[in-house]
Amino acid sequence: MNVTESTNIIKIHSYLLTINELEVIDSEGRQSKVKSFTYDKQKQYNIIELNNWIPVGIGYQLSLSFNGSFVKKIIGFYKSKYKDSDNNTR
């Protein structure tokens, strides 16, 4: 993740997914401790609150272990494609 504004909150869309484990690690290998982990049913995303604020200018990695099923709608965990700036399909 690229942090553009210092924060202690990470929001991820996760409709129809069950997140089992997560960790946030900075580019120097330090793990941020999770203070709370909640689900906003109306907006369909998880809210991860960290004990510490993550500053701008440091790279972070968010790792998740989750369960979900591929569905035929554009909700939850689904397969998609896009074209990058070189017109390659990804």
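FYI, it's all coordinate maths here, none of it is from the lab. Computed from a prediction, not measured in an experiment: that's the story for all the values here. As a convention, Cβ positions derive from the backbone with ideal geometry for all residues, glycine included, and neighbour counts pool all protein chains shown.
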Labelled set (i) 14, 38, 33, 14, 0; (ii) 18, 55, 26, 1; (iii) 14, 32, 31, 20, 3, 0; P(r) over Cα pairs in 10 Å bins from 0, in percent computed from this model equals the value at (i)
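Under a point-charge model restricted to the Cβ atoms of Lys and Arg (+1) and Asp and Glu (-1), what is the dipole moment magnitude of the chain relative to its Cα centre, in debye to the nearest 20? Don't skip to the end; give the middle numbers.
Numbers: 12 positive and 9 negative charges, 113 e Å.
About 540 debye.
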I want the local charge near Gln61. Using Cβ-Cβ distances under 9 Å, sum +1 for each Lys or Arg and -1 for each Asp or Glu among the other residues.
-2
Normalising by the residue count of segment 7-65, find the relative contact order in percent from Cα pairs under 8 Å and 6+ residues apart.
47 percent
Placing +1 on each Lys and Arg Cβ and -1 on each Asp and Glu Cβ in segment 7-65, then taking the dipole about the Cα centre, the residue among Leu64, Ser32, Gln44 whose Cα reaches farthest towards the positive end is Gln44
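Sorted by packing (mean other beta-carbon atoms within 10 Å per residue), highest first, where do 44-53, 5-14 land?
Details: 44-53: 14.7, 5-14: 13.1.
Descending packing order for the listed peptides: 44-53, 5-14.
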